[in-house]
C-alpha cells in the first residue's frame, strides 16, 4: 500500500493553490497550512474530443486521455481522493491500462494523484525540474505555504529536458518544455493525430493564471509559451487548458492579448519604481477584471504575481535541469 504522510497529503490537497492561487485569498507569509478541501461532491465530467481522445474535469487541473490499442497516455492526475472516481470515468472509455502519465508541472492539483496511478503500473513522465521540485519541497511565493517533499512513489519515473515523444500502439504524444513560464518545469502535450493540445497552466481559459514566480515562473515565459501554442494550433485544434473549459485557438489568442497587456502595464509601473502596495492601489488591470477575475481577490493576486515576476531578481536556489 502506498503511504503518503499526513503532512504531505494535506499540503497536496491545499497547496494546490500554487496552480489556482489567482482564485484563492492571499495569506500571511508565515502560513504553513490551510483547511483541507472537501471532495465529497466532486464529479468527473468526460468530454469526447474525437479520435479516441478525451478531456476529464473534476477538481484541480484538467486531465487529457489518449487511448491507443495497447495502452493510454494520460496527462495530469488531480488529487488522491479523486483517484477512484477518475478510474471509474476512464473504465467507461477503455479497458486498456494507463501506460504513461504525463505531468504538465509540479503543482499538487496536477500531480498529487500520481503515486496511486504509479502503483497500478503507470510510468510517470515529466520535465526534469518537476522531479527536482517535488523531491525538494517548495514554498508558495504569495502565501508562504510550504509543500513538503513528495515520497518516492509520487516522483516521476522518467524525465526529459527540452522535448520528447511517447508512443502507445497507434498513438503518439509530442512533449515540449516552454521555459520559465508558469513554473520552471512546464510541459505541453500535443496529440497530432487528434489535433488536441494539452497546455498545462500556461493557459487557463477564461481566468487569470497563476505565475509561480517563486519556482521559476515569469510572465515573459507565459507569453512565449502562449505564442508557441498558437503556432502549434489551427482553427480546428481542441485545446485542453490547465483550468477552465475546452478552448479554441481564438480563446488562446484572446488570453495572449490579456497577458501582453498586463505585462506592458506592469513593466511601466516597475520601471517607475512602484512598490507592490503602489501597484495594488493603482488597479492596473481593472478593465480586464470583468472577463478574467472571478473575484476581487483574484484580481489582487494576479497583480501580485505579475509584479513579482517582473520586479524580483531571479531567485538563487537549487540547480534545475533546464531553465
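When restricted to residues that are farther than 15 Å from residue 167 by Cβ, outside any loop (DSSP other than H, G, I, E, B) and out of contact with any helix residue (DSSP H, G or I) (no Cβ under 9 Å at 6 or more places or on another chain), the stretch 85-99 contains 5. Against the criterion of being surrounded by fewer than 22 Cβ atoms within 10 Å (Cβ to Cβ), modelled with pLDDT of 95 or more and under 25 Å from residue 289 (Cβ atoms), residue 219 does not qualify.
Checked against the criterion of being modelled with pLDDT of 95 or more, buried (at least 18 other Cβ atoms within 10 Å of the Cβ), more than 24 Å from residue 189 (Cβ to Cβ) and in contact with a strand residue (DSSP E or B) (Cβ under 9 Å, 6 or more places away or on another chain), the stretch 269-278 contains not a single residue that satisfies it. Residue pairs whose Cβ atoms lie under 7 Å apart, separated by 6 or more positions or on different chains, with the first residue in the stretch 52-63 and at positive phi and the second modelled with pLDDT of 95 or more and assigned to a loop (DSSP other than H, G, I, E, B), are 60/78; 60/79. Kindly evaluate residue 74 against the criterion of being surrounded by fewer than 23 Cβ atoms within 10 Å (Cβ to Cβ), in contact with a strand residue (DSSP E or B) (Cβ under 6 Å, 6 or more places away or on another chain) and at pLDDT 95 or above. Spelling it out, it is not the case that residue 74 is surrounded by fewer than 23 Cβ atoms within 10 Å (Cβ to Cβ), in contact with a strand residue (DSSP E or B) (Cβ under 6 Å, 6 or more places away or on another chain) and at pLDDT 95 or above. Restricting the stretch 109-123 to residues that are crowded, with 24+ Cβ neighbours inside 10 Å and outside any helix (DSSP H, G or I), the residue that is farthest from the chain's Cα centre (by Cα) is 113.
Scanning the stretch 136-148 for residues that are out of contact with any strand residue (DSSP E or B) (no Cβ under 6 Å at 6 or more places or on another chain) and either crowded, with 17+ Cβ neighbours inside 10 Å or over 14 Å from residue 215 (Cβ atoms) (or both) yields 140, 141, 142, 143, 145, 148.
Among the conditions (1) buried (at least 24 other Cβ atoms within 10 Å of the Cβ); (2) in contact (Cβ under 8 Å) with a residue 40 or more places away in the chain; (3) over 14 Å from residue 39 (Cβ atoms), residue 92 misses just one, which is (1).
Per the listing 241, 245, the residue uniquely assigned to a loop (DSSP other than H, G, I, E, B) and surrounded by 12 or more Cβ atoms within 10 Å (Cβ to Cβ) is 245.
Could you tell me whether residue 214 is within 20 Å of residue 126 (Cβ to Cβ), part of a helix (DSSP H, G or I), in contact (Cβ under 8 Å) with a residue 12 or more places away in the chain and out of contact with any helix residue (DSSP H, G or I) (no Cβ under 7 Å at 6 or more places or on another chain)? Criteria met by residue 214. Of all residue pairs spaced 6 or more apart or on separate chains, those with beta-carbon atoms under 7 Å, a first member in the stretch 176-204 that is more than 14 Å from residue 103 (Cα to Cα) and a second member that is assigned to a loop (DSSP other than H, G, I, E, B) and at pLDDT below 95 are 179/322; 179/323; 180/323. Within the stretch 41-48, does at least one residue satisfy the condition of being outside any loop (DSSP other than H, G, I, E, B), in contact with a strand residue (DSSP E or B) (Cβ under 7 Å, 6 or more places away or on another chain) and either modelled with pLDDT under 95 or surrounded by 23 or more Cβ atoms within 10 Å (Cβ to Cβ) (or both)? So far as the stretch 41-48 goes, no, none of its residues is outside any loop (DSSP other than H, G, I, E, B), in contact with a strand residue (DSSP E or B) (Cβ under 7 Å, 6 or more places away or on another chain) and either modelled with pLDDT under 95 or surrounded by 23 or more Cβ atoms within 10 Å (Cβ to Cβ) (or both).
Is it the case that residue 55 is part of a strand (DSSP E or B) and either at pLDDT below 95 or closer than 27 Å to residue 215 by Cα (or both)? No: the conditions fail for residue 55. Regarding the stretch 124-142, can at least one residue be identified that is outside any loop (DSSP other than H, G, I, E, B) and over 24 Å from residue 218 (Cα atoms)? Scanning the stretch 124-142 turns up at least one residue that is outside any loop (DSSP other than H, G, I, E, B) and over 24 Å from residue 218 (Cα atoms). Just to be sure, is residue 165 without any contact (Cβ under 8 Å) to a residue 12 or more places away in the chain and either farther than 20 Å from residue 238 by Cβ or assigned to a strand (DSSP E or B) (or both)? Yes: the conditions hold for residue 165. Identification of helices (runs of 4 or more DSSP H) wholly contained in the stretch 251-313 with 1 or more residues that are touching a residue at least 12 places away in the same chain (Cβ under 8 Å) and within 11 Å of residue 208 (Cα to Cα) yields 286-292, 296-311.
The values are calculated or read from the model by the stated rules, or taken from the named source; none is laboratory data. Everything numeric here is computed off the predicted structure, so don't read it as measured data. Cβ atoms come from the backbone with ideal geometry, glycine included; neighbour counts cover every protein chain shown.
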